[in-house]
């Protein structure tokens, strides 16, 4: 008999200490009686999600934590976003992460069109099915101002520059081929035409008229980035003989999970933001247990508070997770692992390369008397992200002995 | 001048905590005044013998601890067993780990023929020299019901299935080629014929008649597994410029040591079980010091108690080692390193992928105020098995500076 594990990733969990939190990090300052209970009888320590000092993106961090070397399996953001949006990709496709933005006189006013999702699904739908030369454009909304664009047709390449300048007050970049090939030139040409056609369609869209009538910025420009070809990899089941399920809100996390072959659940109310339905996600994770050995449960908001520089919000959200999620995990899983995919220090408002706290609780665990925190005198685990899955599979007795 | 080190491996040392041991592990519960003394002035920490979570076999663990990546240097159990049995292998040989077992009506009754070694050396000797086609069978007893079988002849392969089904009440498996080659088919054919011939010889053996007259199960069937071709590697001396000796009971440990080019001593009374002569092994280790820089001293019984689920026995045996072995090591070596090759938690009765405690004492050591234990607030060493030899060579001042 084997056991069941849940891997709870609190996105961007790691942080620094703040005077206004009494010299503590948000995790240290948070009142977390359930996490404290787990620390008392579990193993604690630190994880560098990729390698010491390396600043992970959300995509590369999750690849690494799932046991896939991102230097080998990272093919550009578009691939994972498209998979996470539920698109079935084909061999020749090139996929992009997309934003709808607001431009005025050809200058970008807001890269996220006010970050308001109103009418966004319909606006993306208006772009779906555009054809340019022999290439069809697939467009799909994911969350807020975000979506996915896939170019489908012969002779395309991912060796092109991004059109998103990542700032305002400037025009959209002209897409350039990044290698001397017919495929790269063709793809750049189509992308530039698409920027133009999309702007035309969005400008005259009645959905944008409705947005304006609601006092919202028009989403009148398409920004795409992270061109990626379709790729596959050995599935996590073939690698480990363990069945994995994914409960997440954000498309990217679902996409990376799908890429490695996890069973990705669609959970109504799992929005991947601060207002996500934690209860629905917990219930989905418990239900997913039936058909899997390890459930990957992703909670995003800790990272968002980090990006916003809101250490008090981060602390309170950690307390909410401790109250609403942890007890259910302890009751329903034999092994519970809690960690982050990277640090997002509130003072930095961006990801950092610092290690994240790690907690392994349940069957086959020693009590190391450590704490789940950025400071921990009794820590016994010092690992890298790529080691985490083996740590879990050892605890739930799925891993086979290597040698005799 | 350089110093002398001993590397004491307590097999399967790592464990979990037990209520009946006052919430302590066998190592924590054991009264070990000499190990405690070493901890007080030495460096302590943890080692993952292969990598975090990976469950080591005894063979892969020792390769790793000797500094050889098992993913590169593990060629199947048979090779190391044969070397450990003192056989000189040739290029074309295929070697196997062997058991003599008891069968009745073609079904396996006991895979170890009652685990009684009586007449076992003679029974293995009866199988030695069998010829099948152009292949000669070399058979040699090692310990209890265990031995080694080597097939010597042209055109053989290790790409064949094991005949040992690893359970009772079933027939011996039919050996199958695992690749589409003449060599694999030939080897499988010879193995199947060998199973048949061995059974015939063992059935009519007067040694088995004697076993029966002593009330023992007849050892009337040969079980072989872990087919391995002959391989060599760069010797540990060429790699490190240090001279290594091995004092061990079990054939496997001697075999891995011989594979990497250690000087392997034959120690009468070193049986590799719970009744091993610890005093004889200590004396052999001290004597081996004359011609070596590092002595590898292997003690098996901690692992056997783990496999038996006997945490009290494990605790007592650790106390025995502390009493009978540690003081002699401290008196006779400049550097003493104590660790395990893996954890064998009594509650699991099998190897696990959890880290093992590590203690480095003597010359060139800091006192980190840690303890030699599975929980250790002051640990300063967090390493993998493949790093251990360099740790030792640094302390005894043999390692050369890398760079200037």
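Each value in this text was obtained by applying a stated rule to the coordinates, not by laboratory testing. All figures in this text were calculated on a predicted structure; none of them were measured in a lab. Don't worry about glycine lacking a Cβ; one is built from the backbone with ideal geometry, like all the others, and counts go over all protein chains shown.
Odds and ends about this structure:
- Neighbouring partner chain Cβ atoms per residue of A:384-396, average, 10 Å criterion: 4
- Anisotropy class of segment A:101-145 from Cα gyration tensor, a/c 1.5 cut: oblate
- Normalised by the number of residues in segment A:169-226, the mean separation of alpha-carbon contacts (under 8 Å, six or more apart) gives a relative contact order of 28 percent.
- Reducing segment A:215-252 and segment B:120-134 to their Cα centroids gives an inter-centroid distance of 61 Å.
- Distances, shortest first, from the label point of residue B:91 to those at the same position in the other copies read 4.3 nm; the point lies 7 Å along Cα to C-beta.
- Distances between copies at residue B:134, taken between label points 7 Å from Cα along the C-beta direction, are 5.9 nm in increasing order.
- Rg(Cα)/(2.2 N^0.38 Å) for segment B:82-228, N = residue count: 0.98
- Rounded if a/c under 1.5, otherwise prolate or oblate - segment B:152-221, Cα gyration tensor axes: prolate
- When Rg and Dmax are taken over the Cα atoms of chain A, they come to 21.9, 71 Å.
- Cα extents of segment B:188-243 along the three principal axes, largest first (Å): 54, 32, 14
- Relative contact order of segment A:82-228, taken over Cα pairs closer than 8 Å and 6 or more residues apart, is 32 percent.
- Helix-only mean residue ellipticity at 222 nm for chain B, each DSSP H run of n ≥ 4 adding -39500 (n - 2.57), per residue, nearest 500: -9000 deg cm²/dmol
- In plain terms, the residue of B:253, A:80 with the fewest other Cβ atoms within 10 Å comes first and the most crowded comes last, giving B:253, A:80.
- Taking a ≥ b ≥ c as the square roots of the eigenvalues of the Cα gyration tensor, an a/c ratio of 1.5 or more together with a/b no larger than b/c marks segment A:252-306 as oblate.
- Each Cα pair under 8 Å and six or more residues apart adds its sequence gap; the mean of these over the residue count of segment A:1-151 is a relative contact order of 15 percent.
- Average partner coverage of B:45-56, which counts Cβ from other chains inside 10 Å: 6
- If both residues of a DSSP beta bridge must be in the protein assembly as shown, then about 65% of such bridges are antiparallel.
- The protein assembly as shown, Rg to Rh (Cα coordinates; Rh as Kirkwood inverse mean 1/r): 1.05
- Distance from segment B:73-111 to segment B:314-352 (C-alpha centre basis), Å: 28 Å
- Legend: ranking of residues B:307, B:141 from fewest to most surrounding C-beta atoms inside 10 Å; resulting order B:307, B:141.
- Between copies, the label points of residue A:174, set 7 Å from Cα on the Cα→Cβ line, lie 7.3 nm apart, reported in increasing order to one decimal in nanometres.
- Diffusion constant of segment B:337-393 at 25 °C, which comes from Stokes-Einstein with the Kirkwood Cα-pair radius and 0.890 mPa s, µm²/s: 195 µm²/s
- Note on segment B:1-147: Cα convex hull, mean projected area over all directions, 15.6 nm².
- Among beta bridges identified by DSSP and lying wholly in chain A, the antiparallel ones come to about 65 percent.
- Peptide B:351-357 shows a mean partner chain C-beta count of 5 within 10 Å per residue C-beta.
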